[in-house]
Amino acid sequence: MFGKKLKSDICDYVDWRGDLSFDVSPLNDVDALIFAQLSYMNFNGLAPNDFNSSIKLSELAKIFFGSSDFEKRSDLGVLIDPKSNELLKKAGESVRFGNVEVTGFVSRYDSEKEEQFSAVTFVLDKGGVLESPKIFVAFRGTDDTLIGWKEDFNLAFLEQVPAQQDASAYLENAAAEFKKAEIFVGGHSKGGNLAIFASAFLNEKSKKNLCRVYNFDGPGFSQNSLDSDEFFSIKQLICSVYPQFSIIGMLFHHYDSYKIALSDERLVMQHNPFSWFIKGTDFETKEELDSGSEIFFKSFNKWFEEILPNQREQFVETLFGLLESTNAITNSDFDKDKFKNAGKVIKAFAKLEPGIRDEAMKIAGDFVKTIAKESINL
């Protein structure tokens, strides 16, 4: 048979597996990705924002799709696949996910602190059917806001960013609330980074209940962090999944053990989990990352380690200062009139102090040279 390979994605998985509850078919890696993706949904005002109450996902989905502000609520911006809404609908209507309780939804956006953070906890067995109760703590990845993306870039020169600190506090609270539960933690993109960070610094007593930590194409950490006792204590629990051409997941360092998911998208668009091939209860995988991804990983980290922290900070401030000159708050704002906004960025760049402008150009140029050099060496 010739032509494009037929693909099953996470929505197809719900169609296929949705009639089996978690006590019949235990939580698997694809379920974890679904919970991570559902954390992108705007549950503000619909889901409890503490752990004192909960709502079934089936009921939450009905309220979501019946809300008076559905059109606005369901618009996740240009970077998050709108198919996420379909995933919520299918999951809510299924036996497998519909009976899951949703609790502890928080969402914070602080331009002063340069923070974008959101988390939600899914309780798989509130009724006590399973041998032991299970919770899945899902951290949202970077959303449509420019502040969210700037916080990601701030990882280049800060030991911790506000979202990491909030993720750590959130997981501590969830573990304290569900003392006897088996704990699963995960997230996509920045959410994967937050999941690893929060799990690494979880108190030792709660860490005994930690079963699995999922990182779906999330940026890594400094090598010093990975070598620390805190990170090493959860190393064997981490399940990282990257698409065959990963860019976000290749930022900074990560442990050597991971899965490579087959994707039908091109280049950086493979970051979208809906493009990953699902096979049964797992991902359809490849043995190696695409060469372009390997080149990016080696060249980025070589370049990154050669520039000083103050240069990294200045570069990030310059880059996002240019984007802020357009008055855009989100990527969607920028995209609405991309040509006009690109012109504003160019004009703002021309007005920069020569020293700052030249340094930014040098850093960017050095990165391009490093990529070119690594391309030849690979």
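Among residues of the stretch 105-125 being under 17 Å from Arg212 (Cβ atoms) and part of a loop (DSSP other than H, G, I, E, B), the one that is modelled with the highest pLDDT is Leu124. Within the stretch 273-296, the set of residues being assigned to a strand (DSSP E or B) and surrounded by fewer than 19 Cβ atoms within 10 Å (Cβ to Cβ) comprises Lys279, Asp282, Thr285. Considering each residue of the stretch 210-230 in turn, none proves to be free of Cβ contacts under 8 Å to residues at least 40 places away in the same chain, touching a helix residue (DSSP H, G or I) at 6+ places or on another chain (Cβ under 9 Å) and of a type in the set (Lys, Arg).
Matching residues to (1) assigned to a strand (DSSP E or B); (2) over 27 Å from Phe283 (Cα atoms); (3) acidic (Asp, Glu); (4) touching a Lys or Arg at 6+ places or on another chain (Cβ under 8 Å):
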{"site": "Tyr170", "(1), (2), (3), (4)": "no, yes, no, no"}
{"site": "Ala174", "(1), (2), (3), (4)": "no, yes, no, no"}
{"site": "Gly186", "(1), (2), (3), (4)": "yes, no, no, yes"}
{"site": "Leu202", "(1), (2), (3), (4)": "no, yes, no, no"}
{"site": "Asn215", "(1), (2), (3), (4)": "yes, no, no, no"}
{"site": "Ser225", "(1), (2), (3), (4)": "no, yes, no, no"}
{"site": "Tyr242", "(1), (2), (3), (4)": "yes, no, no, yes"}
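Condition check for Val102 on (1) β-branched (Val, Ile, Thr); (2) in a strand (DSSP E or B); (3) at pLDDT below 95: one failure, at (3). From the set of residues in the stretch 66-78 that are open to solvent by 30 Å² or more (accessible area, probe 1.4 Å) and either of a type in the set (Asp, Glu) or in contact with a Ser or Thr (Cβ under 8 Å, 6 or more places away or on another chain) (or both), which is modelled with the lowest pLDDT? Looking at residues that are open to solvent by 30 Å² or more (accessible area, probe 1.4 Å) and either of a type in the set (Asp, Glu) or in contact with a Ser or Thr (Cβ under 8 Å, 6 or more places away or on another chain) (or both), I get Val78. Taken together, the residues in the stretch 300-359 that are closer than 24 Å to Tyr109 by Cβ, part of a loop (DSSP other than H, G, I, E, B) and open to solvent by 30 Å² or more (accessible area, probe 1.4 Å) amount to 4. Any residue in the stretch 30-45 that is buried (at least 19 other Cβ atoms within 10 Å of the Cβ), closer than 22 Å to Lys190 by Cβ and among the charged types (D, E, K, R)? Looking through the stretch 30-45, at least one residue is buried (at least 19 other Cβ atoms within 10 Å of the Cβ), closer than 22 Å to Lys190 by Cβ and among the charged types (D, E, K, R). Scan the stretch 131-162 for residues that are at pLDDT 90 or above, more than 29 Å from Glu59 (Cβ to Cβ) and of a type in the set (Gly, Ala, Ser) and report the count. Total meeting the criteria: 0.
Modelled with pLDDT under 95 and either open to solvent by 20 Å² or more (accessible area, probe 1.4 Å) or not hydrophobic (A, V, I, L, M, F, W, C) (or both): is that true of Gly128 in this structure? Taking the combined requirement at face value, the residue satisfies it.
The values are calculated or read from the model by the stated rules, or taken from the named source; none is laboratory data. Treat the numbers as computed from the prediction; the structure is a model and nothing was measured. A quick note on method: Cβ atoms are made from the backbone with ideal geometry, for glycine too, and the neighbour counts reach across all protein chains shown. Quick note on the areas: whole protein, heavy atoms, side chains included, nothing else; ligands and nucleic acids left out. Shrake-Rupley method; radii C 1.70, N 1.55, O 1.52, S 1.80 Å.
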